[in-house]
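Heads up, the thing below is written out as structure tokens.
Values in this text are rule-based calculations from the coordinates and carry no lab data. All of these numbers come straight from a predicted model, not from anything done at the bench. Cβ atoms come from the backbone with ideal geometry, glycine included; neighbour counts cover every protein chain shown.
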Amino acid sequence: MTNSGYSLVFTYIVRRILATIPVMAVVALFVFALLHLSPGDPAVIIAGDTATLDDIARIRAKLGLDQPLYIQFVTWVWGLLHGDLGISIFTNLPVSKLIAQRVEPTITLTISTLIVSILGAIPMGVVAAWKAGSWIDRVVMVFAVLGFSVPVFVLAYLLIYVFAISTDLLPVQGFVSIDGGLGPFLSHIVMPSLALGMIFAALIARMTRASMLDVLAQDYIRTAQAKGLAHDKVLIGHALKNAAVPIVTIIGIGVAGLISGVVVTETVFAIPGLGRLTVDAILRRDYPIIQGIILVFSAAYVLVNLLVDLSYTLLDPRIRY
Amino acid sequence: MTVAPADFALRAAPATRRRGLRTYVRRHPTIIVGGVLLTMMALMAIFAPYLGTVDPQALSPIRRLRWPSAEHWFGTDMLGRDIYSRTIYGARVSLTVGLSVALLASALGLVIGLITGFSRWTDAIVMRIMDGLMSIPAILIAIALMALTRASLENVIIAITVADVPRVTRLVRGVVLTLRELPFVEAAHASGTGFFRILWRHILPNTLPPLLVQGTFVAASAMLVEAILSFLGAGTPPNIPSWGNIMAEGRSLFQVAYYIVLFPGAFLSITVLAINLLGDGLRDALDPRLARRM
């Protein structure tokens, strides 16, 4: 690449990073506006049906709802920029601290799900495209449609029934961190990862197959085959490499679904992560926690898609900026 | 976006149209399978009172946690309520939410998409907002809205609609931007056709096929989100039986009475599968270029 080529890529990267700022600003504005646009007095709703007038006044003061709107907003954004996500109504602890305590199981679950579904789905999609129209292709497509339709919690309970209740192979629920030994860690994480990864894997398998079919029809693939390259070299070295951009894109988009699924999966498997924190916050109407979690999850999603966009520069040097 | 085939099919002579319909249904059997399953679910929801059901809310403490039997086909829950009746009535909630959200989100997305597709300055602002909203996972938007309102079916529908509008808007805007540059729109413009007539006669009909396909997927995802919200305790109020509610009540009892979760879960999966099959079939039928690949 020439010098100007490098600077073009550099400009693209900087521009792409700057583009995340307005997106996160909209997210922050939405999260703030929600509290004020919702019908009724938020303090009354958050306090619940059994609240006394004192409770309501206390919540109003705690959320700063007794101050003018612009002051509330400035104070809130100022806090955000300093990593202050507010104070939990129920526990009186800083939201950032509560989130930090719960982040490890969620990250562990997400990474293991990503690994399981990507390692499972991409080979399936590649083989389905290579043997398009065969029974293998049909099986993969049926898997893709079924996997997309079975809700996370239904699949989770199915797995628990098969592997924990009727056969006793795996623990019903719970979470063991990787420091607690590889065996217990794996036995606890395998079912949640499978349940959470199914929709994601179905999505990736489908996109891999579609993208591979496109690439396999190209002239350079025929050339590679004609000059006698082995099938695996053509499939992986030539085809998959060129089919990678849509696959990586769908992985980035699919992370949103993964985040939604985390909340449910953690509830079913009693994993003490951010999902459980969300559910507890819903039940207690602890709105600052819900706000903080939305911001953190959305930031994670924006970050993943930033990385996906940046990966294009490595995957396909032809993409122009 | 290729929308020409559908356009063509609509204008074809009646005899060809009928044959065309028959061949494409034969080529896309998923439309039949999905359509039949979905119709069965809809009939079941409508005729719920006549399907051997009892009052889904009727408590019967002495009949708590009975396993499925001739008397209680799907068993009873911890309050002695008949799960079969609750599951059949639960179809009403799921289908209502799916249909309402699909219609509302499509209508709102269509209007906003058409406006942003034609007006450059609203486009810049509205699409920034949509980008921001799309980076919040749909469930979290719905959870946040539900946490601030009282639990009711209407609020569930509104919450899920808000989360789905950006995706529809983006689709419609994309179609409009493509269509605007096509020769037949330019020709209409050049021959003096008014803006609203172009919109009504040329743009709108061509956005409908992709919108229909998207609508089916919105309906399927809305049903899943409703079930998840109810399952987490932030959805349909407990006095209305919904599949998510029944499963939420069976959650803590799963190890002793897994049938409570099993039946509503199976009905939910079958319904979502039916809609996805229908949507896949429609997409293949309306967009043959994509069909060969997906």
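So for the stretch B:30-115, averaging the separation of alpha carbon pairs under 8 Å that are six or more residues apart and normalising by length, what relative contact order in percent results?
Details: 86 pairs, mean separation 21.8, N = 86.
For the stretch B:30-115, the relative contact order is 25 percent.
Which whole-Hz ³J(HN,Hα) couplings does the stretch A:280-293 yield from phi under the Karplus relation 6.51 cos²θ - 1.76 cosθ + 1.60, θ = phi - 60°, glycine and proline marked x?
4, 5, 4, 5, 9, 6, 8, 4, x, 5, 4, 4, x, 5
Taking beta carbons within 10 Å but only from partner chains, what does the mean come to for residues A:201-214? Spell out each step's value before the answer.
Details: counts 0, 0, 0, 0, 0, 2, 2, 0, 2, 4, 1, 1, 3, 2.
Averaged over the peptide's residues, the number is 1.
Could you tell me which residue out of A:207, A:22, A:118 lies farthest along the dipole of chain A toward its positive end? Charges go on the beta carbon: Lys and Arg +1, Asp and Glu -1, centred on the Cα centre.
My answer, from the dipole projection, is A:207.
Where the only charges are on Cβ atoms (+1 Lys, Arg; -1 Asp, Glu), what is the dipole of the protein assembly as shown about its Cα centre, to the nearest 20 debye? Display every interim value, and only then the final one.
Working: 47 positive and 34 negative charges, 401 e Å.
Taking the Cα centre of the protein assembly as shown as origin, the dipole is about 1920 debye.
Applying the Karplus parametrisation 6.51 cos²θ - 1.76 cosθ + 1.60 with θ = phi - 60° to the phi angles of the stretch A:295-300, what ³J(HN,Hα) value in whole Hz is obtained for each residue in order, glycine and proline being reported as x?
4, 5, 5, 5, 4, 4
Taking a ≥ b ≥ c as the square roots of the Cα gyration tensor eigenvalues, with a/c under 1.5 meaning rounded and otherwise prolate when a/b beats b/c, else oblate, which class fits the stretch A:137-233? All intermediate terms of the calculation are to be shown ahead of the outcome.
Values: a/c = 3.50, a/b = 2.12, b/c = 1.65.
Judged from the Cα gyration tensor, the stretch A:137-233 comes out prolate (a/c at least 1.5, a/b above b/c).
Express in whole angstrom the spacing between the alpha-carbon centres of the stretch B:157-206 and the stretch A:189-218.
About 32 Å separates the Cα centre of the stretch B:157-206 from the one of the stretch A:189-218.
What trypsin sites (Lys or Arg not before Pro) does the stretch B:88-137 have in DSSP loop regions with at most 15 other beta carbons within 10 Å?
Answer in residue order: no site qualifies.
Given the C-alpha centroids of the stretch A:250-306 and the stretch A:80-108, what is the distance between them in whole angstrom?
13
Between residue A:226 and residue B:54, what is the FRET efficiency for a Förster distance of 60 Å, r being their Cβ-Cβ separation, to the nearest 0.05? Let's see the in-between values first.
Values: r = 71 Å, r/R0 = 1.18.
E between residue A:226 and residue B:54, to the nearest 0.05, is 0.25.
May I ask for the angle, rounded to the nearest 10°, between helix A:20-37 and the longest principal axis of chain A, with both axes built from Cα atoms and the value confined to 0 to 90°?
40
Along the three principal axes, how long is the protein assembly as shown when you take its alpha carbons, biggest first, rounded to the nearest angstrom?
So the three principal-axis extents are 70, 63, 61 Å.
Can you tell me which of B:53-61, A:298-306, A:211-219 comes out highest on packing, and rank the rest after it, using the mean Cβ neighbours within 10 Å? Walk me through the intermediate numbers first.
On the way: B:53-61: 13.6, A:298-306: 19.9, A:211-219: 17.6.
By packing density, highest mean first, the sequence is A:298-306, A:211-219, B:53-61.
Roughly how tilted is helix A:95-130, in degrees to the nearest 10 and between 0 and 90, from the longest Cα axis of chain A?
The angle comes out near 20 degrees.
Let's test this: bin the Cα-Cα distances of chain A at 10 Å from zero up to the farthest pair and state each bin's percent.
Going out from 0 Å in 10 Å bins, chain A shows 5, 20, 25, 24, 16, 7, 2, 0, 0 percent.
For A:264-272, what's the mean count of beta carbons from other chains sitting within 10 Å of each residue's beta carbon?
Values: counts 6, 0, 0, 6, 5, 0, 0, 0, 0.
Per residue, the number of nearby Cβ atoms from other chains is 2 on average.
With r as the distance between the Cβ atoms of residue B:150 and residue B:40 and R0 = 30 Å, compute the FRET efficiency 1/(1 + (r/R0)^6) and round to 0.05.
Numbers: r = 34 Å, r/R0 = 1.12.
The calculated FRET efficiency here is 0.35.
Normalising by the residue count of chain B, find the relative contact order in percent from Cα pairs under 8 Å and 6+ residues apart. Mind dumping the intermediate values first?
Details: 413 pairs, mean separation 78.2, N = 294.
In percent, rounded to a whole number, it is 27.
Once the dipole of the protein assembly as shown is set up with Lys and Arg at +1 and Asp and Glu at -1 on Cβ about the Cα centre, which of B:159, B:49, A:12 lies farthest towards its positive end?
Going by the Cα projections, it comes out as A:12.
So what is the 222 nm mean residue ellipticity for chain A from helices alone, if each DSSP H run of at least 4 adds -39500 (n - 2.57) and you divide by all residues, rounding to the nearest 500 deg cm²/dmol? Could you put the intermediate results ahead of the total?
Details: 13 runs with 234 residues, N = 321.
Calculated mean residue ellipticity at 222 nm is -24500 deg cm²/dmol.
Scan chain A and report its longest stretch carrying no trypsin sites (Lys or Arg not before Pro) that are both in a DSSP loop and have at most 14 other Cβ atoms within 10 Å.
Numbers: sites that count: A:131, A:227, A:318, A:320.
Counting at most 14 other Cβ atoms within 10 Å as exposed, the longest clean stretch of chain A is A:1-130.
Quote the FRET efficiency, to the nearest 0.05, computed for residue A:81 versus residue A:61 with a Förster distance R0 of 25 Å and r equal to the Cβ-Cβ distance.
Working: r = 23 Å, r/R0 = 0.93.
Computed FRET efficiency for residue A:81 and residue A:61 comes out at 0.60.
Taking only the Cα atoms of the stretch B:89-204, how large is their convex hull per residue, in Å³? Let's see the in-between values first.
Details: hull volume 13.5 nm³, N = 116.
Hull volume over Cα atoms, normalised by residue count, gives 116 Å³.
Output ³J(HN,Hα) for the stretch A:219-226: one whole-Hz value per residue in order, computed from phi by the Karplus curve 6.51 cos²θ - 1.76 cosθ + 1.60 with θ = phi - 60°, and x for Gly and Pro.
4, 5, 6, 4, 4, 4, 5, 5
Amide H of residue A:87 versus every other amide H placed in the peptide plane: which residues, excluding those fewer than 5 positions away on the same chain, fall under 5 Å?
A:95
With everything on Cα atoms, drop me the angle between helix B:83-118 and the longest principal axis of chain B, reported from 0 to 90° to the nearest 10.
Tilt of helix B:83-118: around 20 degrees.
Across the residues of B:58-64, average count of Cβ atoms on other protein chains within 10 Å? Don't skip to the answer; put the middle values down first.
On the way: counts 0, 0, 0, 0, 0, 0, 0.
Average per residue, whole number: 0.
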